[in-house]
1. Normalised by the empirical 2.2 N^0.38 Å for globular proteins, what value does the Cα Rg of chain A take?
2. Rank by packing, highest mean first: peptides B:515-527, A:59-71, B:37-49, with packing defined as the count of other Cβ atoms within 10 Å averaged across residues.
3. Hey, how much of the P(r) for region B:7-209 falls beyond 28 Å, as a percent of Cα pairs?
4. Using the structure shown, list the pairs from B:Lys120/B:Lys153; B:Lys120/B:Lys314; B:Lys184/B:Lys306 with a Cα-Cα distance above 28 Å, or answer none.
5. Determine which lysines satisfy two conditions relative to B:Lys419: a Cα distance under 19 Å, and not lying fewer than 8 residues away in the same chain.
6. Which whole-number value in Å³ per residue fits the convex hull of the alpha carbons of region B:442-605?
7. Would you mind computing Rg(Cα) / (2.2 N^0.38 Å) for region B:134-247, counting N as its residues?
8. Peptides B:111-124, A:115-128, B:316-329: what's the order by average Cβ count within 10 Å, highest mean first?
Amino acid sequence: MSVFESREIFKEVIVGFFNLLGDTPLVADKLMASKMVIRFIYSDPDLAVVVDCSGDAMDVRPDDTDTKALVEMSMKADIAHKFWFGKVNLTMALTRRQMVAKGPIPKILKLLPAIKPSYAMYPKYLDENGYSQYNIH
Amino acid sequence: MGGYAGNLLYVDLTNGQVQVKPLDMAFARENIGGLGIGTRIFLDLIKDKPQFEALSADNPFILMTGPLTGCGMDATARWSVCSKSPLTGYWGDANVGGHFGSRLKLAGYDGIVITGAAEKPVCLFINDQEVELRDASEYWGKDVYATTDALTKDFRDQSSKPGQVLTIGPAGEKQVRFANLINKKGHAAGRTGLGAVWGAKKLKAIYVAGSGELDIAQPEKLKALRKELKEVYADSIYISSIQSAGTPAHLDVGIIAGDIPIKNWQMSDWDEIDELGPASIEEKIHAGDRTCYACTVACKKNAEVKEGPFKTPKGPGPEYETVAAFGTMCLNSDIESVAKANEICNRYGLDTISCGATIAFAIDCFEDGLLTTQETDGLELRWGNSAAIVAMAEKIGKNEGFGAILAKGSVKAAEHIGKGADQYLTTVKGLESPMHDPRNTHGLGLAFGVSPRGACHEASLVYEVEGGAMYIPELPELAEDLPEGSRGRARLNVACQDYGMFFSHCAIFCNLGAAPLNATQAVAMLNHVTGFDYTLDEVMKIGRRIWYLKRGLTNLFGARAKDDRLPARLMTPLNEGPTQGSVPDMELMLKAFYKLRGLDEDGLPQEAVLRELGLADLADLLYPEAEQTALSSKEV
């Protein structure tokens with residue numbers, strides 16, 4: 001059984017978190033510097049979210065399947081949830097295709113140092129926004 | 001039969017004789033190549049006199065390619081060396097890429113067996129069938145770069161094709177215990193100090209030029225496999241990452257998991273890590289790409305520091321292990337100083353892991369007041385003092401001042417310093433741990449502990465499998481999703497040792513460039529190249545035998561169960577960071593491992609296990625009383 005009961009709940013949680021990252025200069029400044037447009041394609045529950053760093057501010061657009069993205073990251077919602085806790089062995093997930101990345105890999109990998117602070121932010125975000133039942137820390 | 005050149009060179013440095021002996025194909029099939037063949041020959045050479053000093057003429061040195069070396073496929077340029085280690089006193093081996101191995105095959109030789117010791121410096125000249133020992137007095141004292149350039153130039157006119165040079169630097173000549181052997185200025189047979197073995201033998205270098213071709217038994221099948229693998233490689237993010245950033249790509253990934261040792265293993269997270277990471281390397285020192293023979297992965301990078309205190313001419317750049325050893329381990333975030341330390345190690349011929357780790361150990365001693373500038377030749381060995389770190393690396397290479405103390409390795413240095421300095425050691429069986437933290441992946445802790453050559457992340461494939469870079473669906477133990485912690489890791493280790501002995505020690509695939517291959521593809525490549533008909537089950541059995549052989553040799557040189565433990569530094573839980581509170585349960589894992597491997601309480605393979613594997617010679621050496629009893633009953 002997946003962690004999130006419904007698509008709506010997962011959408012609320014993940015979009016809210018991406019928006020928080022966009023409002024956090026420590027993370028957002030480096031992501032914005034990449035100028036990348038990334039589409040996350042989640043399954044179980046199914047959801048597509050575009051994180052657009054090409055403008056002046058980070059734009060998070062759920063259900064956007066039209067925008068041409070430089071990078072597409074596909075994974076189960078549960079894997080994404082674990083990832084933001086820093087609990088996913090990234091190398092293993094990519095090798096075993098639990099996460100599939102399409103696009104310029106070196107550019108994707110350059111984002112890793114940028115998102116590192118977000119691992120500490122995610123559990124706090126869940127607790128502070130009424131999602132503490134999903135906090136596995 | 002394809003893949004093999006078909007000959008071995010036997011070089012006796014004491015009497016100057018060189019002999020060419022045909023490689024027995026039944027023997028080759030039984031042991032595949034690389035350390036599979038090297039360990040067998042080593043055992044045969046020492047079994048009549050198994051106790052000897054590593055830096056004596058009695059210590060054989062064996063260089064072996066594998067059947068894939070030089071076959072032209074990606075990630076198959078590697079070859080191996082083995083001998084008794086002057087750093088640890090136990091079994092020593094090292095694995096290296098570059099171009100030397102393939103050139104040796106094209107000259108007509110699968111390996112070189114070197115015995116004895118010369119009275120004055122010599123080098124071995126190989127140009128196809130022309131093989132001779134030559135006076136190397138004029139090269140003795142030159143660094144690796146100068147020797148490589150000089151021999152390449154001096155011998156070019158006497159060679160059918162341009163040659164490759166494998167050489168030691170001044171560190172090897174002075175028998176620094178972690179001196180290495182280097183091909184093409186940056187491809188190092190790094191670990192366990194086998195450069196010092198050459199120094200003791202007064203062997204400065206081997207030059208090889210070859211004009212032959214390597215036969216491939218089933219070229220059409222190999223071509224089809226190449227096509228299949230092209231897609232596998234194109235789809236591999238792991239390959240993309242090392243192609244773009246080289247092995248330092250791991251700095252971005254490893255820090256998330258807590259795999260990178262920082263401040264001599266006292267931290268697993270650090271605000272300044274990005275100063276050493278791929279982005280910083282690209283901005284400050286990157287100077288182009290390099291590759292091993294015929295490998296399109298091209299994970300090697302050049303480095304250059306154009307100005308400043310760490311000015312470094314363009315040359316082979318630091319690998320991940322080097323960045324961590326001289327960077328994170330020493331709390332040194334100056335990537336230019338790491339490039340300089342790397343160049344010093346390459347020129348002097350020093351293993352960067354042991355060198356950086358030994359300096360980090362010395363800094364720890366200095367910071368805690370066990371050393372002062374009086375002992376360290378005036379150098380303030382403080383965390384992050386990049387100038388002092390670089391200066392000490394050079395002193396080690398020169399074997400001078402306090403550098404001469406550290407040049408014996410951190411264990412001997414701790415004995416010299418006293419005052420409890422051993423609490424700062426990071427060694428297993430005398431070998432400094434590589435830059436991967438078992439508090440992140442517990443199975444790696446067991447791998448470090450039971451590795452025959454001492455703390456090592458490449459003695460099996462545990463690091464690659466548990467760390468996630470390799471996935472072998474044909475072997476359940478290498479495909480399981482193990483829970484966090486130490487459970488199941490003994491079984492993982494056994495399978496990763498057996499498969500790893502086949503994969504990276506005998507066939508000699510590169511653990512990095514060949515990471516995307518599954519077992520079916522790996523065995524198929526070996527069969528297509530050699531024409532043999534190995535099965536996965538068969539190569540696992542061969543791998544198992546080779547593992548016991550290496551384990552038995554290290555036991556023969558004195559290692560026992562107590563030497564399978566991790567040092568206190570690696571067993572101390574950290575208070576923060578990704579591995580907070582985590583330490584491997586070594587007792588749990590060792591108990592299960594000993595049972596699975598049939599090791600006795602002393603850590604020795606049981607006699608029956610060895611005999612069943614066809615290792616009667618080794619059993620006789622480890623159990624001389626049993627052999628004597630058997631002989632006596634025969635006489636009766």
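What follows is calculated from the coordinates using simple rules that are stated; it is not laboratory data. Note that the coordinates shown come from a computational prediction; the quantities given were computed from them, not determined experimentally. Cβ coordinates were reconstructed from backbone atoms using ideal geometry, including for glycine residues, and neighbour counts include every protein chain displayed.
1. After normalising by residue count via 2.2 N^0.38 Å, the value is 0.97.
2. The densest-packed peptide leads the list: B:515-527, B:37-49, A:59-71.
3. 16
4. Table pairs above 28 Å Cα-Cα are B:Lys120/B:Lys314.
5. Within reach: B:Lys408.
6. Considering the Cα atoms of region B:442-605, their hull volume per residue is 111 Å³.
7. Against the compact-globule rule of thumb, the ratio is 1.41.
8. Most protected by this proxy first, the peptides run B:316-329, B:111-124, A:115-128.
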